[in-house]
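Encoded as structure tokens, the structure appears first; notes follow it.
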Amino acid sequence: MESSISQIKKDYLDKISRAKTLKELDDIFLALFGKNGEITLLPKEFSKLTPSEKQKIGPLFNAVKTELESAIEKRREEIREVGYAELTGEGLDLQPVEVKPRKGHLHPITQFEKEIIDLFDKLGFQQFDAPHVDTDEYNFELLNIPAEHPARDLWDTLYIDSKNSGIQPGKLLLRTHTSNAQIRAMRDIKTPLRMMSLGRCFRYEAVDARHNHTFEQFEIVYVDKRVSMTNLQYLSETFLKAIFGPEIKTRLRPKYFPFVEPGAGVEGECVFCKGKGCRICGGVGWLELAGAGMIHPTVLQNGGINPSEYSGIAWGFGPERLIMLKYGIADLREFLSGDLKFLEKF
Ligand code: DAH
């Protein structure tokens, strides 16, 4: 027994020292310590030994086992180093390498929204948040869009499954616009009111280069005595000039939204063709950048404001749309793609 242990030791130390690859070492390891490995099987023979033999063989066996294990480990390290040297043509370079930390930055939408917040902050507008998961009441009904009204078709809405919540079907939804902040702001802040509300909105959209199920909006509401369409035109122009530069021309065109009367589409001269007409603006030379209008008296009333004393204006802009125009981005889906090649451009 003693001699066979010594023989195993001699043979394998020799094999280990001659191994040239990690694969060879793995095979040696298995031949020794695998399920039927020579070292693994040896203790089965111990039962045949006398107690005094056992006393001698036990420590010898343990010492050889440890020696072989560490010889394999040592050779592994040597092979790794040689492998590195062969690959790189140089010795193992243990000099510390300077790893430059990658600098991240804010997402382009966040950067842009910060700009908007700064601008409207200077004009005296305060920030106001509204929930993403909201009720039909705040998202539609109190904004003069009753259930079953055909105007609901303007928003393809994602409703929350009411099966387990005990909520009546169709009453809880993902907000389709930031206009859900309007009534809350009127009730909470009261008059005079200047508020901005930014954030994510959701719609059941077929996704393409210009539509997404998840997108950003920001809402502006201004209520005071004698607020008029003139204020709307002035603020739209101030805002769009701050974003696109002083040359941009803006105009208002009549447009229906149930919560404003009159309602308007805020349009900017197409930044791609400078009003000449191109593929992006559909040949008309103008691009719609926001929905807006004089707040409907019913909405003011729902917000606890007397419409014979106060009037108000409201807008809803799509920040992604504005960024696309500003930087000439063709596909809206880029914003949520998480693609670093896209994000690093900003
Ligand atoms: N909420 C509208 C939408 O998502 C946009 C909008 C239109 C907001 C007119 C307004 C407004 O505040 O007055 O399409």
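Listing for the model above:
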| read-out | value |
| --- | --- |
| Every residue from segment 313-335 that is at pLDDT 90 or above and under 22 Å from Lys103 (Cβ atoms) | Ile323, Glu334, Phe335 |
| Subset of segment 185-217 [more than 12 Å from the ligand (Cβ to nearest atom), closer than 18 Å to Ile117 by Cβ and not in a helix (DSSP H, G or I)] | Leu193, Arg194, Leu198, Gly199, Arg200 |
| Filtered residue count, segment 135-184, keeping only those that are at pLDDT 95 or above, part of a helix (DSSP H, G or I) and either touching a helix residue (DSSP H, G or I) at 6+ places or on another chain (Cβ under 6 Å) or within 11 Å of the ligand (Cβ to nearest atom) (or both) | 10 |
| Matching residues in segment 258-281 - criterion: being more than 22 Å from Phe112 (Cβ to Cβ), in contact with a strand residue (DSSP E or B) (Cβ under 8 Å, 6 or more places away or on another chain) and in contact (Cβ under 8 Å) with a residue 40 or more places away in the chain | Phe259, Val260 |
| Filter pass, Lys345 being assigned to a loop (DSSP other than H, G, I, E, B) and among the basic types (Lys, Arg) | yes |
| Search result, residues across segment 83-111 that are in contact with a Leu (Cβ under 9 Å, 6 or more places away or on another chain) and at pLDDT below 85 | Gly83, Tyr84, Ala85 |
| Candidates Phe239, Phe257 - the one that is within 14 Å of the ligand (Cβ to nearest atom), closer than 21 Å to Met324 by Cβ and either at pLDDT below 90 or crowded, with 18+ Cβ neighbours inside 10 Å (or both) | Phe239 |
| Subset of segment 104-134 (residues that are surrounded by 14 or more Cβ atoms within 10 Å (Cβ to Cβ), acidic (Asp, Glu) and outside any helix (DSSP H, G or I)) | Asp134 |
| Of residues in segment 218-236 being out of contact with any Ser or Thr (no Cβ under 7 Å at 6 or more places or on another chain) and among the β-branched types (Val, Ile, Thr), the one farthest from the ligand (Cβ to nearest atom) | Thr230 |
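The values are calculated or read from the model by the stated rules, or taken from the named source; none is laboratory data. Keep in mind that what you see is a predicted model, and the values were worked out from it rather than measured. Positions of Cβ are generated from backbone atoms using ideal geometry, with glycine treated the same way; all protein chains shown enter the neighbour counts.
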